[in-house]
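> Can you read through this structure? Questions will come right after.
Nothing in this text is a laboratory measurement; each read-out follows from the coordinates by a stated rule. Because the structure is a prediction, the values reported are computed rather than measured. Cβ sites come from the backbone with ideal geometry, for glycine too, and all protein chains shown count toward neighbours.
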Amino acid sequence: MAVFYVDGEFLPAEKAVIPVDDLAVLRGIGVFDLLRTYSGRPMFLKEHVQRLIDSARQIDLDLPWSHAHICRTALETLSRNNFDEANIRIIVTGGSSPDFMTPQGNPRLLVLVTPLPKLPAEWYDKGVKVVTVRAERRMPGAKSLDYLAAAMALRQSKAQGAVEAVYVDRHDHALEGTTSNLFAVIDNRLITPGRGILSGITRQVVLDIAGGLMPIEIRDLPLTELRTAQEVFITGTNKGLMPVVQMDDTPIGDGRPGRFTLRIMEALQARFTRSLTLSD
Ligand code: PMP
């Protein structure tokens, strides 16, 4: 049975609750971040907690905790659980509010540790299909609790046999997936959008790695250009790096994971393994 941290207490998952007057329940006000373990150790904990703090600042939520306190709480919650590999979800809610609207400077900190979902090996070996959906996140740089657009887009994506939906904005630029960042290989260069997106931790690691392998362009990515890319892949904490071989009805490249994708995938794997030797 999982143990969660809820606003000062460690509780069995089924007893982990928050009051109904919390602004997260009433108005969807709050932020979160999600990381995973690798060989039982949290990956990029400091970076994820920093992004959580940045997200809170962007939605005007004052946090009474230090970066170090949030890291310690996440580690303590992890140590009270016993999964081979885990997701660690750190959530900051808006807190209770008498007028049901205005944050009162009393946010709640929650840490949910759950088993890491196992994704099919085939998705990596053969690549996946993604669909495109028209959507723009209002505050793309913040990981707010509002994932309504994501949940609806993913329903569409599943119905069409795809594993992810890619947001396309009003200018017909492809932005990112519902929980992943987007990369394309065009003219042997690696392209990834730089605005209208969440700055993914995995994206940053991929950019670091790929910098040594090929030219990189961080720029807008028109959907028409994306559809004709040599290679496409998506990145995220739980997906890692996943080759995309079909977008809506259009095959990407020759319909198989491309050579740049495979090289970056291999280097990313090596980087994750190496990170285990750097203590967080
Ligand atoms: N974009 C969005 C909207 C996301 O929710 C996520 C998942 N956190 C990502 C991109 C990928 O970010 P990361 O690599 O840090 O998981």
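> Calculate the dipole size of region 3-115 relative to its Cα centre from +1 charges on Lys and Arg beta carbons and -1 charges on Asp and Glu beta carbons; express the result in debye to the nearest 20. Before the final figure, lay out each step's value.
On the way: 11 positive and 14 negative charges, 63 e Å.
About 300 debye.
> Still on this structure: Assuming R0 = 22 Å, what is the FRET efficiency of His67 and Arg219, from their Cβ-Cβ distance, to the nearest 0.05?
According to the calculation, E is roughly 0.10.
> Output the relative contact order of the chain, whole-number percent, from Cα pairs under 8 angstrom with separation of 6+ residues.
Relative CO of the chain lands at 18 percent.
> What list of ³J(HN,Hα) values in whole Hz, one per residue of region 241-255 in order, does the Karplus curve 6.51 cos²θ - 1.76 cosθ + 1.60 (θ = phi - 60°) give from phi, with Gly and Pro shown as x?
Running phi through 6.51 cos²θ - 1.76 cosθ + 1.60 with θ = phi - 60° gives 10, 10, x, 10, 10, 8, 10, 6, 9, 9, x, 9, x, 9, x Hz.
> When all C-alpha to C-alpha distances in the chain are sorted into bins of 5 Å, what percent of pairs does each bin hold, rounded to whole numbers?
1, 6, 12, 16, 17, 16, 14, 9, 6, 3, 1, 0
> Separate question: Suppose R0 equals 35 Å; then what is the FRET efficiency for Gln204 and Asp21 from their Cβ-Cβ distance, rounded to the nearest 0.05?
That pair, Gln204 with Asp21, gives E of 0.40.
> Moving on. Relative to the Cα centre, what is the charge dipole magnitude of the chain, using +1 at the beta carbon of each Lys and Arg, -1 at the beta carbon of each Asp and Glu, and rounding to the nearest 20 debye?
Roughly 380 debye for the chain.
> Now, a different point. I'd like to compare 20-26, 232-238, 126-132: which one has the highest average count of other Cβ atoms within 10 Å, and what's the full order after that? Could you put the intermediate results ahead of the total?
Values: 20-26: 16.3, 232-238: 24.1, 126-132: 21.4.
Answer by packing, highest mean first, reads 232-238, 126-132, 20-26.
> Let me ask something additional. Could you order the peptides 204-210, 161-167, 147-153 from most to least packed, using the average number of other C-beta atoms within 10 Å per residue?
161-167, 204-210, 147-153
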